[in-house]
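Here the structure comes first, spelled out in structure tokens, and everything after it is commentary.
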Amino acid sequence: LGHSVMLAAGDTFRAAAIEQLEIWGARAGASVVTAKLGSDPAGLAYDALVRARAEGADLLLIDTAGRMQNKEGLMAELAKIRRVLAKLDLSAPHDVILVLDATTGQNALNQIDVFRTVAGVTGLIMTKLDGSARGGVLVAAAQKFALPIHFIGVGEKIDDLQPFRAQAFARALVGVDEP
């Protein structure tokens, strides 16, 4: 849509995660900020924001390591990233999107609750809706947390991340074909 996008590979503990983000960056025409394997993710986030500003990027997406809400060290890392970004911009991050796996089921409600507290989650994406999971927990999540659902993932291709459409989702959830 004409925006300059920069990605930051904040999962600095898995080489494959960094490589995967570089591949997606190349496919999408976005530059990618990386750091050495094992580097501090908060430091990478800080450097990425500095670089995004210097290069005039309209949007900086910082990908972080996948984590479970009961892993205190990993959750503390998210809080640190927020604090470090606030040193450069008191309003940063402007959005925090939690990506949920459709196969997680009702545990997603606990995840959202904890991630909202620690990371300030402002919206959701639900992936893996191309399998047998239907993502019905999104209905409960929308009611309980009033967070926008931005996208759903229905595959591995770049076009498989689709804008969330509530009516189409509800129809698919209950097995009714589109009109």
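Structural remarks
- Kirkwood analysis of the Cα pair distances in the chain returns a hydrodynamic radius of 17.3 Å.
- Counting only residues at least eight positions apart within a chain, or on another chain, the lysines with an alpha carbon under 16 Å from that of Lys71 are Lys80.
- For the pair Asp130 and Leu37, the difference between a 0.36 nm per residue extended length and the Cα-Cα distance amounts to 30.3 nm.
- Modelled label positions at Val174 and Lys80, each set 7 Å beyond Cα in the direction of Cβ, lie 4.8 nm from each other.
- The length gained on full extension between Lys71 and Ala142, counted as 0.36 nm times the residue separation minus their Cα-Cα distance, comes to 23.1 nm.
- Of all lysines in the structure, those lying under 25 Å Cα to Cα from Lys87, and not within fewer than 8 positions of it along the same chain, are Lys36.
- Contact order relative to length of the chain, as percent, for alpha carbon pairs under 8 angstrom and 6 or more apart: 16 percent
- Taking a straight Cα-Cα cut-off under 18 Å and skipping sequence neighbours fewer than 8 places away in the same chain, the lysines within cross-link reach of Lys157 are Lys128.
Rule-based calculations on the coordinates, nothing more; no lab input. Keep in mind that this is a model prediction, so the values were computed, not measured. Please note: Cβ atoms are built from the backbone with ideal geometry, for glycine as well, and neighbour counts cover all protein chains shown.
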